[in-house]
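For reference, the structure discussed in these notes is given below.
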Amino acid sequence: MASTVLTGAAAAAESENDRRAIAFIKAHEEQVRPLEITVSTAWWNANTSGKDADFTAKVEAQNKLDSALSDPRRFADLKAVHDAPLSVPVVKRQIDILYLIYLEKQVDPALLARITTTANEIEKSFNVYRAKVGEKQLADSEVRKILKDSKDSAQRQAVWESSKGVGPAVEANLKQLVILRNEAARKLGFKDYHAMQLQLNEQDQGQVLKLFDQLDELTRGPFAEAKREIDAKLSLNYGIDVDELRPWHYHDPFFQESPAIFAISLDSPFATTDTLAICRKFYTGIGLPIDDVIARSDLYEKQGKSPHAFCTDINREGDVRVLANIVPNEYWMGTMLHELGHSVYSSKNIPQSVPYVLRTDAHILCTEGVAMMFERFSKNGDWLIKMGVNVPNPAQYTETGMKMRRNQLLIFSRWCQVMLRFEQRMYADPTQDLNKLWWDLVERYQLIKRPNGRNSADYASKIHIVSAPAYYHNYMMGQLFACQVHNTIAREVLKSNDPSKAYYTDDKRVGEFMRARVFAPGRMLPWNELTKYATGEDLNPRAFAAEFGVTTK
Ligand SMILES: [Zn+2]
């Protein structure tokens with residue numbers, strides 16, 4: 001089936017333009033592929049060593065790659081090929097993707113320099129900004145600790161307000177950045193920067209907003225219910241009425257995560273558990289072994305190393321690595337299942353017969369989805385028992401785990417609604433009252449009351465608006481993809497009638513399904529086509545909502 005997808009059912013004879021396209025792709029591979037491998041290697045070195053020289057090498061490698069992709073003469077050749085008919089589907093697909101990759105780099109260099117300088121200035125302000133209460137400066141970790149532990153509403157408010165102080169400090173620069181980004185987008189023929197970012201990633205604003213409207217519809221009830229329970233606990237903890245709860249009562253400064261109000265920690269089974277051994281056993285069991293990835297990876301804490309976790313495909317020829325900082329707890333169990341999930345959806349399992357340009361995940365949302373799909377099991381007591389972990393009370397563990405997961409997903413989905421809609425409207429009209437827009441959206445989607453009489457640039461205290469613009473919705477769409485694929489596996493492979501409880505450990509059919517239905521096409525199919533190919537339906541929120549007991553159809 002995959003081979004039909006890859007070659008196109010009815011490949012017509014090559015035209016002159018096809019031949020030009022094939023020549024362009026060949027030249028791209030010869031020139032750009034070594035630069036891409038240098039970038040990913042340099043990125044790996046910098047993040048594992050933390051050395052200045054490695055960071056310098058990383059920037060240099062990126063600049064070389066960018067300059068190859070921004071070459072206006074090459075872009076003119078590509079555009080001519082792209083704008084004329086192409087008859088071979090696998091050639092057309094590569095040209096379509098290359099066109100978007102090169103188009104993004106065609107911003108006028110002087111304008112690009114202004115954008116980069118402005119964004120850097122804002123990021124610098126974020127780095128040096130410290131919340132200050134009275135005369136005392138607070139580190140970010142101290143802010144989080146007070147917002148997690150303090151019972152004193154006045155103290156919480158003071159700390160929360162101070163943590164938002166970076167907003168007004170960067171507000172003018174951020175508004176300038178939005179104007180510059182819009183200018184760049186319009187010069188490339190897009191209506192504004194948000195629309196451009198989506199289109200460069202093969203997404204249509206209207207289509208994404210429609211999907212989020214459906215998601216809003218299906219999750220509004222379960223979210224309100226979960227939040228009522230959270231509010232009841234919080235009001236009890238602080239000794240105030242539910243009506244008096246304000247943004248500073250919800251632990252996370254943006255309420256993008258669940259407040260830590262469930263007494264039971266999921267960590268105890270992991271104290272004596274070898275996280276890596278479980279991952280090995282799990283992925284081998286489902287027929288997607290990862291021993292080669294582990295052998296090349298850098299997995300434990302060390303001086304100078306990035307504290308985060310990520311997976312990278314160095315050369316699209318199977319050199320796939322994970323950077324992590326494993327500690328024996330539930331968080332790292334989930335994180336390792338997640339990162340290794342990225343590692344199986346890579347050139348390790350996408351056939352080498354898929355051309356280089358397409359030998360990668362279909363879309364960032366699809367690889368996030370695959371990673372999230374496997375991550376869920378760290379909260380499942382029955383799954384852990386099957387994996388040989390000693391869980392004293394698996395039923396209770398699963399119940400707590402499912403509740404935590406439920407709250408996390410619902411809270412995060414409402415937060416993504418705010419981010420998507422705020423950014424979309426901000427780029428559409430940066431001159432409007434953005435403070436009001438922000439709180440209107442927070443009240444509507446997160447059900448949090450705005451602070452009385454406050455008029456401050458609170459939206460500007462979210463660094464992602466600067467550093468990862470128009471991106472957040474992909475996490476949410478990834479979660480929808482995860483639930484939809486999981487649902488399909490539960491239905492078609494496991495023959496289960498309750499996907500929310502379905503899990504697997506030692507079942508090679510799961511790996512076979514993933515290889516054939518998700519990995520094999522690489523990037524030949526755009527994200528929604530791949531979703532249909534894997535699950536039989538467009539990407540939609542029904543499987544996600546079903547996890548909260550919302551059934552449709
Ligand atoms: Zn991820």
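The values are calculated or read from the model by the stated rules, or taken from the named source; none is laboratory data. The structure presented is a predicted model; accordingly, all values stated were derived computationally and were not measured. Positions of Cβ are backbone-derived with ideal geometry, glycine not excepted, and every protein chain shown enters the neighbour counts. These accessible areas exclude ligands, DNA and RNA; they are computed on the full protein's heavy atoms, side chains included. Shrake-Rupley method; radii C 1.70, N 1.55, O 1.52, S 1.80 Å.
Annotations
- Within the range 1-56, if we keep just the residues that are open to solvent by 30 Å² or more (accessible area, probe 1.4 Å), within 27 Å of ARG515 (Cα to Cα) and hydroxyl-bearing (Ser, Thr, Tyr), the residue that is modelled with the highest pLDDT turns out to be THR41.
- Conditions (1) more than 30 Å from LEU69 (Cβ to Cβ); (2) outside any loop (DSSP other than H, G, I, E, B); (3) away from the ligand (no atom under 16 Å from the Cβ); number of the one not met by TYR300: (2)
- Residues in the range 344-369 that are more than 15 Å from the chain's Cα centre (by Cα) and among the polar types (S, T, N, Q): SER346, SER347, ASN349, GLN352, SER353, THR360.
- Selection status of GLN484, in contact (Cβ under 8 Å) with a residue 24 or more places away in the chain, within 16 Å of the ligand (Cβ to nearest atom), of a type in the set (S, T, N, Q) and open to solvent by less than 40 Å² (accessible area, probe 1.4 Å): no
- Scanning the range 409-434 for residues that are farther than 30 Å from ALA232 by Cβ and either open to solvent by less than 10 Å² (accessible area, probe 1.4 Å) or over 23 Å from the mean Cα position of the chain (by Cα) (or both) gives GLU423, MET426, TYR427, ALA428, ASP429, PRO430, THR431, GLN432, ASP433, LEU434.
- When the range 363-383 is filtered for residues that are away from the ligand (no atom under 11 Å from the Cβ), open to solvent by 10 Å² or more (accessible area, probe 1.4 Å) and not in a loop (DSSP other than H, G, I, E, B), the ones remaining, listed by number, are ARG376, LYS379, ASP382.
- Selection of the range 68-79 for residues being free of Cβ contacts under 8 Å to residues at least 12 places away in the same chain and under 22 Å from GLU14 (Cα atoms) yields only ALA76.
- Screening the range 145-184 for residues that are assigned to a helix (DSSP H, G or I) and without any contact (Cβ under 8 Å) to a residue 24 or more places away in the chain and picking the one that is nearest to the chain's Cα centre (by Cα) gives LYS145.
- Check on GLU202, open to solvent by 20 Å² or more (accessible area, probe 1.4 Å) and either in contact with a His (Cβ under 8 Å, 6 or more places away or on another chain) or not in a helix (DSSP H, G or I) (or both): yes
- Some residue of the range 336-357 being touching a Cys at 6+ places or on another chain (Cβ under 9 Å), closer than 30 Å to ALA23 by Cα and either of a type outside the set (Phe, Trp, Tyr) or away from the ligand (no atom under 16 Å from the Cβ) (or both): yes
- Residue check for GLN396: within 16 Å of the ligand (Cβ to nearest atom), in contact (Cβ under 8 Å) with a residue 60 or more places away in the chain, assigned to a helix (DSSP H, G or I) and polar (S, T, N, Q): no
- Taking first residues from the range 369-388 that are polar (S, T, N, Q) and partners that are outside any loop (DSSP other than H, G, I, E, B) and open to solvent by less than 10 Å² (accessible area, probe 1.4 Å), the Cβ contacts under 7 Å between residues at least 6 apart in sequence or on separate chains come to SER378/MET333; SER378/GLY334; SER378/LEU337; ASN380/GLY401.
- Annotation: of all residues in the range 134-143 being within 26 Å of the chain's Cα centre (by Cα) and without any contact (Cβ under 8 Å) to a residue 60 or more places away in the chain, the one that is least open to solvent (accessible area, probe 1.4 Å) is SER141.
- Annotation: of all residues in the range 453-508 being in a helix (DSSP H, G or I) and among the charged types (D, E, K, R), the one that is modelled with the lowest pLDDT is LYS501.
- Against the numbered list (1) part of a loop (DSSP other than H, G, I, E, B); (2) buried (at least 18 other Cβ atoms within 10 Å of the Cβ), VAL91 comes up short only at (1).
- Complete set of residues in the range 330-348 that are open to solvent by less than 30 Å² (accessible area, probe 1.4 Å) and either more than 22 Å from ARG515 (Cβ to Cβ) or touching an Asp or Glu at 6+ places or on another chain (Cβ under 6 Å) (or both): GLU330, TRP332, MET333, GLY334, THR335, LEU337, HIS338, TYR345, SER346, SER347
- The set of residues in the range 234-275 being of a type in the set (S, T, N, Q) and farther than 17 Å from VAL159 by Cβ consists of SER235, GLN256, SER258, SER265, SER268, THR272, THR273, THR275.
- Within the range 57-83, the set of residues being within 25 Å of the chain's Cα centre (by Cα), of a type in the set (D, E, K, R) and crowded, with 17+ Cβ neighbours inside 10 Å comprises LYS58 only.
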